[in-house]
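Below: the structure, in structure tokens.
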Amino acid sequence: MLHAKRVHLPSQQYEFTEDGRALTAFSLRRGGTGARFTLHGVGYRVRVHRFSGVHELLDADGTVLATTDRVRRSWHITCSGRVIPFRRTAPADREYTMLGDDGEPAGTIRRTGHVRSEATADLPGLDLVLQVFALVVVLLRRRRKRAAAAVRSTAVGG
């Protein structure tokens, strides 16, 4: 099981562990459109297309390894011809369920912790890099929704 925890509450720096062992770290930089992480010595980048909401996992050479459609109640990861469906199963994006080939729940991603500063992913059957990608996508979605809410509140209060 993967676990992501924010290093310091005001920052957007996260540490990933797998079954208690340090795995990688990444930062959701302010104003950025994605994140970078290193896994087993290989660098990866998650790129977000601002207007379409599509996320892409790229290797160090810039080759697209996996993509998502727009992350909403239901979304998919597409990788090597395989489509992996996810469905939101709790309000406020607190939980997503990965569906198996038979349409039954096969894994989960949950946001937990104080001020939702932590997240866990239990996604059996997925390569580790795809598990990290799915968890980063959920964290990026949360950041995007919080930024949109801040803009709305400023516009209303302004």
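The values are calculated or read from the model by the stated rules, or taken from the named source; none is laboratory data. Worth saying up front: this structure is predicted, and the values here are computed from it rather than measured. Positions of Cβ are backbone-derived with ideal geometry, glycine not excepted, and every protein chain shown enters the neighbour counts. Heavy atoms of the whole protein, side chains included, go into the accessibility calculation; ligands, DNA and RNA do not. Shrake-Rupley method; radii C 1.70, N 1.55, O 1.52, S 1.80 Å.
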* Structure fact -> The condition from (1) under 24 Å from Gly43 (Cβ atoms); (2) more than 14 Å from the chain's Cα centre (by Cα); (3) of a type in the set (D, E, K, R) that Asp101 misses is numbered (1)
* **Set Leu130, Leu135, Leu99: member being on the phi < 0 side of the Ramachandran plot and in contact with a Cys (Cβ under 7 Å, 6 or more places away or on another chain)** => Leu130
* To do: State whether one or more residues within region 94-102 are part of a helix (DSSP H, G or I), aromatic (Phe, Trp, Tyr) and crowded, with 23+ Cβ neighbours inside 10 Å.
  => no
* Asked: Looking at region 3-14, which of the residues that are outside any loop (DSSP other than H, G, I, E, B) and within 20 Å of Val48 (Cα to Cα) is modelled with the lowest pLDDT?
  -> Gln13
* Thr67 being over 13 Å from the mean Cα position of the chain (by Cα), farther than 14 Å from Arg141 by Cα and hydroxyl-bearing (Ser, Thr, Tyr) -> no
* Tally time: how many residues in region 17-58 are charged (D, E, K, R), open to solvent by 40 Å² or more (accessible area, probe 1.4 Å) and not in a loop (DSSP other than H, G, I, E, B)? -> 5
